[in-house]
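Comments concern the structure below.
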Amino acid sequence: MIREAKVEDIQQIQVVRNSVKENTLSNPALVSDTDVNEFLFTRGKGWVCEIDHTIVGFAIVDFKENNIWALFIHPDFEKQGIGQLLHDTMLNYYFSITKTTVWLRTSPNTRAESFYRKNGWKNVGMHGDELKFEMILDNWIA
């Protein structure tokens, strides 16, 4: 089930974020519960996928910077279409609110890179050691 994230979800969101095998955090303390709360309810909006009362994936868009702040799936639930559902829900909502180009960064040579390319994101170059992708409204609705 895909639904909007609630404050009570933050603990399980953190579990998912810290369980991933790619795009890992060098230090899990770098993203605090306060940070997640801010991106969910002040700067943006988020969605979770819940299976049997457990969050197995989440997506968060940041309207302040017009970027995808997070899209992560617990490794035990990968390759089941959850990422696609969260991605599509998030972008449909984003472009219903604004027509502004949205961007994201991800590590090169990852499944995430392939996923974003497959979904029409355009690589616009490197940002530090990460790839930067953009999505414009015309590419999303085309």
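The values are calculated or read from the model by the stated rules, or taken from the named source; none is laboratory data. A quick note: this is a predicted structure, and the numbers were derived from the prediction, not measured. All Cβ positions, glycine included, derive from the backbone under ideal geometry; neighbour counts span all protein chains shown. For accessibility, only protein heavy atoms count, side chains too; no ligands or nucleic acids. Shrake-Rupley method; radii C 1.70, N 1.55, O 1.52, S 1.80 Å.
Summary of values
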| quantity | calculated |
| --- | --- |
| Test: residue in segment 131-138 that is within 22 Å of Val15 (Cβ to Cβ), touching a residue at least 24 places away in the same chain (Cβ under 8 Å), in contact with a strand residue (DSSP E or B) (Cβ under 6 Å, 6 or more places away or on another chain) and surrounded by 13 or more Cβ atoms within 10 Å (Cβ to Cβ) | no |
| So Met126, is it open to solvent by less than 20 Å² (accessible area, probe 1.4 Å), among the hydrophobic types (A, V, I, L, M, F, W, C) and over 25 Å from Ser19 (Cβ atoms) | no |
| Residue count for segment 64-92, restricted to those that are buried (at least 16 other Cβ atoms within 10 Å of the Cβ) and part of a helix (DSSP H, G or I) | 9 |
| Qualifying residue in segment 36-45 (condition: among the hydrophobic types (A, V, I, L, M, F, W, C), without any contact (Cβ under 8 Å) to a residue 24 or more places away in the chain, buried (at least 17 other Cβ atoms within 10 Å of the Cβ) and within 16 Å of Ile10 (Cβ to Cβ)) | no |
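Per-residue answers, yes or no, for (1) modelled with pLDDT of 95 or more; (2) closer than 13 Å to Trp69 by Cβ:
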| site | (1), (2) |
| --- | --- |
| Arg3 | yes, no |
| Ile10 | yes, no |
| Asn18 | no, no |
| Glu22 | no, no |
| Ala29 | no, no |
| Ser32 | no, no |
| Glu38 | yes, yes |
| Phe41 | yes, yes |
| Lys45 | yes, yes |
